[in-house]
Amino acid sequence: MRMRHVSALTGSVALFDAHPQDSAVSARQDAFIRSRDFDRPTMIFDLDMLRGKYRALAGGLGDASIHYAVKANPAPEVIGALLAEGAHFDAASRGEIDLCLSLGVAPEHIAFGNTIKRAADIAHAHSVGVRQFAADAEEEIYKIAENAPGARVILRMLVTASEADWPLTRKFGCSHREALRLMDLGRAVGLDVAGISFHAGSQMREPAMWAGALDGALALWEEARDAGHALRVLNIGGGFPAFYGDPLPETRAYAAEVMRMVRARFGTEVSVMAEPGRGLVAEAGVIVAEVLLVSRKDDDDLHRWVFLDIGKFSGLAETMDEAIRYQFETRHGDAETGPCILAGPSCDSADVLYEKRPVQLPLALRSGDRIRVLCTGAYTTSYSSVGFNGFPPLDSVFLG
Ligand SMILES: *Cc1c(COP(=O)(O)O)cnc(C)c1O
């Protein structure tokens, strides 16, 4: 597999005096950014890059159906572009379902993939024609049976060990034994127990990292068959990676290899669905931000503190535990750099982006400088919105 170009200085710094050919920023984004002033952090998203990504991923995934995980970037422009490409959608909430419907997505192309759903939202989804629901618990099976009688249910399997950069283990899924019990229960209450799903973890840098989850899924699939459940749908979830500096296989080759691993285990009869989020949208976005302050806590300090106008609570939430390491570009090009602790602007001391592994930034960096945060098309605008995941913001009532 061919590797994409990696800049020598991981974590920082490329020139933007001239637009480099191998930049993560497209020529269109670059021209737009240069031509504008910004009075707040702004994400510039290139829909052509998204279309290119979709086609590469779809090419590699072959006959698998692609359900875009809306929460990664719920912009109507993104959903519209993917709809035009033929995508289906994975929704986490009633808000996301309604958003997809309002943009013309057919309800049978929307899966309600969150395993934790309000009963009234299940009823709503059912009433508008959504037919597929995820579950990983007994109460959820009863909720679905009551509010979406006869619906298709996909049981989510726990993935215990993930090599992903942003693991989604623990919170979602259940053990094999529990899944088998829920299959029996689902059938008993009149649901169509159609298959199983898992999420191997977000940002799986190599196809080989999928082996463990796929082996687990196959074991469960066979146990289900032995217990009399003729499953037909395998949902391999998301996890397709984006380029944050570490080398990655090309998108199409990566997806094709994952599908080869799936077919080697499950054969060609099984209907496969995938739910990419990050892998589709991350690389198409770049955030333009501003340096608010560069300081040293003491004249002798080796590290500078660099404060940006964007932080953990305004879009860069995935820097939590320094899990996702964004790359930065400044106007200082490849000038000499030094280690920086990078922090956001809010008055919360948790709003530090990178400290354990400081970021190399130009010594010439000053307050007022623009800084570009690369590959930020996924999980940025959605995290910073009032209504993350399509859930309404906290309501309030003032008495008195
Ligand atoms: C978030 C999510 C996805 C997308 O994951 P990525 O790692 O961004 O591709 C897919 N499926 C489900 C159920 C999710 O919750």
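The values are calculated or read from the model by the stated rules, or taken from the named source; none is laboratory data. Computed from a predicted model, the values in this text were never measured in an experiment. Counting neighbours? That spans all protein chains shown, and the Cβs are built from the backbone with ideal geometry, glycine included.
Table for the structure above
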{"read-out": "Yes/no for residue 285 being small (Gly, Ala, Ser), loosely packed, with under 15 Cβ neighbours inside 10 Å, out of contact with any Pro (no Cβ under 9 Å at 6 or more places or on another chain) and touching a residue at least 60 places away in the same chain (Cβ under 8 Å)", "value": "no"}
{"read-out": "Long-range neighbours under 7 Å by Cβ, at least six apart or interchain, first residue over 19 Å from residue 223 (Cβ atoms) within segment 155-175, second more than 13 Å from the ligand (Cβ to nearest atom) and assigned to a loop (DSSP other than H, G, I, E, B)", "value": "169/160"}
{"read-out": "Tally of residues being touching a Phe, Trp or Tyr at 6+ places or on another chain (Cβ under 6 Å) and either of a type in the set (Asp, Glu) or within 15 Å of the ligand (Cβ to nearest atom) (or both) across segment 95-114", "value": "3"}
{"read-out": "Residues being among the acidic types (Asp, Glu) and either surrounded by 15 or more Cβ atoms within 10 Å (Cβ to Cβ) or touching a Lys or Arg at 6+ places or on another chain (Cβ under 8 Å) (or both) - total across segment 211-244", "value": "2"}
{"read-out": "Pairs, first more than 17 Å from residue 156 (Cβ to Cβ) and outside the structural domain of residue 88 (by TED's automatic domain parsing) in segment 117-138, second in a helix (DSSP H, G or I) and away from the ligand (no atom under 16 Å from the Cβ), C-beta under 8 Å, six or more apart", "value": "none"}
{"read-out": "Within segment 211-241, considering residues that are assigned to a loop (DSSP other than H, G, I, E, B) and more than 9 Å from the ligand (Cβ to nearest atom), the one modelled with the lowest pLDDT", "value": "230"}
{"read-out": "Any hit, segment 127-136, residues being of a type in the set (S, T, N, Q), surrounded by 22 or more Cβ atoms within 10 Å (Cβ to Cβ), closer than 30 Å to residue 211 by Cβ and at pLDDT 95 or above", "value": "yes"}
{"read-out": "Scan of segment 265-282 for residues that are within 12 Å of the ligand (Cβ to nearest atom) and either over 14 Å from residue 199 (Cα atoms) or surrounded by fewer than 24 Cβ atoms within 10 Å (Cβ to Cβ) (or both), ordered by number", "value": "273, 280, 281, 282"}
{"read-out": "Residue in segment 196-210 that is part of a helix (DSSP H, G or I), without any contact (Cβ under 8 Å) to a residue 40 or more places away in the chain, within 21 Å of residue 90 (Cα to Cα) and more than 16 Å from the ligand (Cβ to nearest atom) present", "value": "no"}
